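S.K.: The structure follows.
No value in this document is a laboratory result; all are computed from the given coordinates. In this text, all values refer to a predicted model and were calculated from it rather than measured experimentally. Cβ placement follows ideal geometry from the backbone for every residue including glycine, while neighbour counts extend to all protein chains displayed.
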Amino acid sequence: MSTSNWLLLGIVLFVLVDFSSGMLIDYLNERRKEQPLSPEGAQIFNPAEYAKSMAYGAAKYRFEMLTNLISTVVILCAIILGWFAWLDAQLRDRLSNNLLITVVFIGILIVISTITNIPAGYYSTFVIEEKFGFNKSTKKLFFQDAAKQLLISLAVGLPLIYAVAWIYQELQNQFWFVAWILFAAFSLFMFIFGTRIFLPMFNKLKPLPEGELRTAVEDYCQTQGFPLSKLYEMDASKRSTKLNAFFSGMGKVKIIGLYDTLIEKLTVEETVAVLAHEVGHYKRKHVYTMFAFSNVQTLVILSLMGWLLGNPNLSKALGSDTPSFHLSMLAFFLLFTPVSTVLGLINNSFSRHNEYQADQYSIDTYPNARVHLHSALKKLSRESLSNLNPHPVYVAVHYSHPPILDRLANLK
Ligand SMILES: [Zn+2]
């Protein structure tokens with residue numbers, strides 16, 4: 001068997017292993033969910049709410065099985081039947097500039113994947129979320145969001161792809177290093193300004209209005225030297241009833257956002273305890289460690305790409321005899337699936353560790369935060385019908401935050 005056929009076999013195998021292990025983990029998680037309500041769980045849900053949380057989990061599980069199955073079948077068809085190579089050949093007939101072919105090829109994949117994801121997003125929002133009382137979005141807002149997301153991915157993704165392909169074409173040997181500098185600069189920009197630039201395209205951010213909450217927040221922020229001007233209330237309630245808060249940015253360009261749903265449903269003390277958790281992410285420099293780790297990952301990926309991308313068998317594995325940057329890159333990422341799974345596990349474990357640290361920061365810096373954060377997290381879980389008994393493997397793969405009962409136990 002030729003090298004390209006071995007590569008094709010490897011790609012198909014990885015897609016199948018990724019799919020079946022994902023299905024298995026989902027199944028284990030679904031099975032483990034069905035447990036009698038524990039005394040700890042009873043602090044969050046009454047029996048009716050608990051039953052509802054399980055029904056919500058089951059609805060999401062069934063839908064995820066279906067969408068995973070469909071997307072895997074489509075990907076396998078595209079790989080085995082040579083749809084990617086066909087698209088490449090069509091573009092090659094019409095365009096002569098290699099860089100332009102790469103940009104249009106990736107652009108078409110972005111458009112197709114966004115459009116084909118719309119039905120799943122629609123069902124998830126207007127059927128599942130609606131049924132469980134979470135959805136506040138309108139159809140108009142939903143389609144506006146989808147259109148904006150598509151335009152942003154094209155506007156950000158295509159120039160980046162052009163630059164990377166150009167670097168590869170001009171400097172094959174130093175590709176990995178120069179492309180890494182480019183990605184590091186880009187991710188630095190996104191870590192600093194990403195939320196600042198893109199969030200206002202979807203949500204309105206406004207300063208906290210005068211009142212009891214603002215006074216309490218002012219007092220706390222003063223003890224922390226955190227400028228109140230960086231704190232915003234966000235109109236999350238136009239899409240969902242779920243509550244949350246976030247920290248984003250670096251150095252002087254930082255934002256803490258509190259969802260209006262959070263402010264509405266938590267007491268003043270609970271809200272400040274959550275805010276203190278977000279300040280903890282800032283003070284413990286979690287953004288910097290995440291940034292450093294993401295750059296190490298990019299370096300690993302790009303050095304492997306620099307080493308392997310010149311091999312014409314990568315494009316050939318996807319059915320094209322004319323080697324191209326985009327087909328080789330696509331084949332590379334399909335073969336890279338096991339490594340990205342491992343990187344995802346490390347990322348999530350890192351992130352869960354940071355959540356405990358931020359909780360600890362809240363306890364250390366806000367009086368009685370142990371009690372207030374405890375009750376805030378219980379409300380958060382109740383209002384989003386969280387799964388009380390996720391499977392540990394599912395947690396390792398999918399959870400960026402610790403499971404709620406572990407987090408509450410840690411606060412005790
Ligand atoms: Zn957090």
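S.K.: Specify the angular offset, from 0 to 90 degrees and rounded to the nearest 10, of the alpha carbon long axis of helix 268-283 from the longest principal axis of the alpha carbons in the chain.
M.R.: 40 degrees
S.K.: If I histogram all Cα-Cα distances within segment 248-326 using bins 5 Å wide from 0, what percent of pairs lands in each bin?
M.R.: 3, 12, 14, 11, 10, 9, 7, 7, 8, 9, 6, 3, 1
S.K.: If you line up the Cα atoms of the chain on their principal axes, what length do they span on each, largest first, in Å?
M.R.: Principal extents (Cα only, largest first): 67, 47, 39 Å.
S.K.: Can you work out the Karplus-derived ³J(HN,Hα) for every residue in segment 76-84? Use 6.51 cos²θ - 1.76 cosθ + 1.60 with θ = phi - 60°, whole Hz, and x for glycine or proline.
M.R.: Once rounded to whole Hz, the list reads 4, 4, 4, 6, 6, 7, x, 5, 5.
S.K.: Another one. Cross-link candidates for LYS285: which aspartates and glutamates have Cα within less than 13 Å, leaving aside residues fewer than 8 places away along the same chain?
M.R.: Of all the aspartates and glutamates, those that pass the test against LYS285 - Cα under 13 Å, at least 8 places apart if same chain - are GLU355.
S.K.: Right, here's the next one. Identify all lysines with a Cα-Cα distance to LYS60 below 27 Å; exclude those on the same chain that are fewer than 8 residues away in sequence.
M.R.: LYS33, LYS52, LYS131, LYS136, LYS139, LYS140, LYS148, LYS238, LYS242, LYS265, LYS378, LYS379
S.K.: What's the ranking of 4-15, 27-38 by average number of surrounding C-beta atoms within 10 Å, highest first?
M.R.: Top of the packing list down: 4-15, 27-38.
S.K.: Let me ask you something else. Which one of LEU299, LEU228, ASN244 is farthest out on the positive end of the charge dipole of segment 224-324, using unit charges on Cβ (Lys, Arg +1; Asp, Glu -1) and the Cα centre as origin?
M.R.: Value computed over the given set: LEU299.
S.K.: Can you give me the convex hull volume of the Cα atoms of segment 299-343, divided per residue and expressed in Å³? Mind showing how you got there, number by number?
M.R.: Values: hull volume 2.7 nm³, N = 45.
In segment 299-343, the Cα convex hull volume per residue is 60 Å³.
S.K.: What is the sum of charges, Lys and Arg at +1 and Asp and Glu at -1, for the other residues whose Cβ falls under 11 Å from the Cβ of SER381?
M.R.: Details: positive: LYS242, LYS378, LYS379, ARG382, ARG407; negative: GLU49, GLU383.
Once all neighbours under 11 Å are counted, the net charge is +3.
S.K.: Of the options VAL15, GLN90, VAL103, report the single residue whose Cα projects farthest towards the positive end of the charge dipole of segment 1-124 (beta-carbon charges: Lys, Arg +1; Asp, Glu -1).
M.R.: My answer, from the dipole projection, is GLN90.
S.K.: Let me ask something additional. Could you let me know the centre-to-centre spacing of segment 368-410 and segment 1-67, using Cα atoms, in angstrom?
M.R.: Between the Cα centres of segment 368-410 and segment 1-67 lies a distance of 18 Å.
S.K.: Oh, and also: What's the whole-number percent of alpha carbon pairs in segment 205-276 lying beyond 21 angstrom?
M.R.: 18 percent
S.K.: If one takes the longest principal axis of the Cα atoms in the chain, at what angle in degrees, from 0 to 90 and to the nearest 10, does the Cα axis of helix 325-335 lie?
M.R.: Roughly 60 degrees, rounded to the nearest 10.
S.K.: State the antiparallel share, in %, of DSSP beta bridges confined to the chain, rounding to the nearest 5.
M.R.: In the chain, approximately 70 percent of DSSP beta bridges are antiparallel ones.
S.K.: Let me ask something else. Tell me the angle of helix 98-123 to the major Cα principal axis of the chain, expressed in degrees between 0 and 90 and rounded to the nearest ten.
M.R.: The two axes meet at around 40 degrees.
S.K.: What is the set of long-range amide H partners of GLN174 at a cut-off below 5 Å, with H atoms built 1.01 Å from backbone N?
M.R.: The answer is none.
S.K.: I would also like to ask the following. From the backbone phi of segment 7-23, what are the Karplus-calculated ³J(HN,Hα) couplings (6.51 cos²θ - 1.76 cosθ + 1.60, θ = phi - 60°) in whole Hz, Gly and Pro given as x?
M.R.: Karplus-based 3J(HN,Hα) across segment 7-23 equals 5, 4, 4, x, 4, 4, 4, 5, 4, 5, 5, 4, 5, 6, 5, x, 4 Hz.
S.K.: Rounded to the nearest 5, what is the percent of antiparallel bridges among the DSSP beta bridges in segment 231-322?
M.R.: Percentage antiparallel, nearest 5: 60.
S.K.: Quickly rank 145-158, 236-249, 392-405 as a protection proxy: mean count of other C-beta atoms within 10 Å, highest first.
M.R.: Answer by packing, highest mean first, reads 236-249, 392-405, 145-158.
S.K.: Follow-up. Please list the three semi-axes, largest first and in whole Å, of the ellipsoid equivalent to segment 301-412, using sqrt of 5 times the eigenvalues of its alpha carbon gyration tensor.
M.R.: 45, 15, 10
S.K.: Just name one of GLY194, CYS77, ALA165: the one whose Cα is farthest towards the positive end of the charge dipole of segment 68-217 (beta-carbon charges, Lys/Arg +1, Asp/Glu -1).
M.R.: Looking along the dipole axis, the top candidate is GLY194.
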